[in-house]
1. Quick check: pseudo-label points 7 Å beyond the Cα along Cα→Cβ at Glu110 and Ala87, how many nm apart are they?
2. How would you order 100-111, 29-40 from highest to lowest mean count of nearby Cβ atoms within 10 Å?
3. Tell me, what is the per residue accessible area of the range 11-55 in Å², probe radius 1.4 Å?
4. For Ala81, what is the net charge nearby, where nearby means another residue's Cβ is under 15 Å from its Cβ and Lys, Arg count +1, Asp, Glu -1?
5. Rounded, prolate or oblate for the range 74-120? Axes are the square roots of the Cα gyration tensor eigenvalues, ordered a ≥ b ≥ c, and the cut-off for rounded is a/c under 1.5.
Amino acid sequence: MAGDFQALGDFLDDALELPVTGRDGTVRTYRIEDPAAEDGLKIERITTMAARLAAGGTVDTAPALDDGEELDLYRMCLGDAYEDLRAAVSWTRFRHVALTAMMWITADRETAAAYWATGDAPGKAPNRAARRSATRGSSAKGAASTTRKPGSTSGTKAASPRSRKAAPDQP
């Protein structure tokens with residue numbers, strides 16, 4: 001019965017809007033439209049093959065896509081925003097936008113948002129910079145919240161190795 005189902009447009013996300021800082025320092029919001037069904041199928045095949053290979057598996061001997069189609073993966077993911085993004089942003093940001101769009105197309109908005117925020121594929125260990133940042137953040141936080149303990153409870157300072165050398169010997 002049709003009454004049991006909402007129209008697809010009522011609850012599916014037909015676009016992804018991503019704010020990106022361009023080479024000129026200006027933040028622009030790029031709208032990535034849901035790809036055509038044919039492009040979506042190609043994107044699914046490419047990502048499925050890549051996942052299979054990454055997991056140590058093999059793919060069929062007959063290529064599912066030709067070289068030109070594989071090279072157009074980002075164009076398929078970004079649609080009409082491809083040229084504007086390519087002209088306005090650095091390679092790193094371009095790639096991040098394209099991969100975020102690919103996560104949205106092949107998985108869902110939540111997976112894309114997680115990738116957007118971290119740059120890490122779902123299930124992948126955090127990158128080295130993120131691990132370092134987390135370590136620094138926790139050690140800096142710990143250092144700021146602790147009080148230095150005195151070296152002596154008798155009220156005298158313990159001499160450092162340098163001050164021992166500088167102090168004259170006493171009988």
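1. 3.8 nm
2. 100-111, 29-40
3. Ligands and nucleic acids excluded, the result is 64 Å² per residue.
4. With Lys, Arg at +1 and Asp, Glu at -1, the net is -3.
5. Judged from the Cα gyration tensor, the range 74-120 comes out oblate (a/c at least 1.5, b/c at or above a/b).
The values are calculated or read from the model by the stated rules, or taken from the named source; none is laboratory data. As the structure is a computational prediction, the values presented were derived from the model and not from experiment. Please note: Cβ atoms are built from the backbone with ideal geometry, for glycine as well, and neighbour counts cover all protein chains shown. Surface areas here come from the heavy atoms of the whole protein model, side chains and all, with no ligands, DNA or RNA. Shrake-Rupley method; radii C 1.70, N 1.55, O 1.52, S 1.80 Å.
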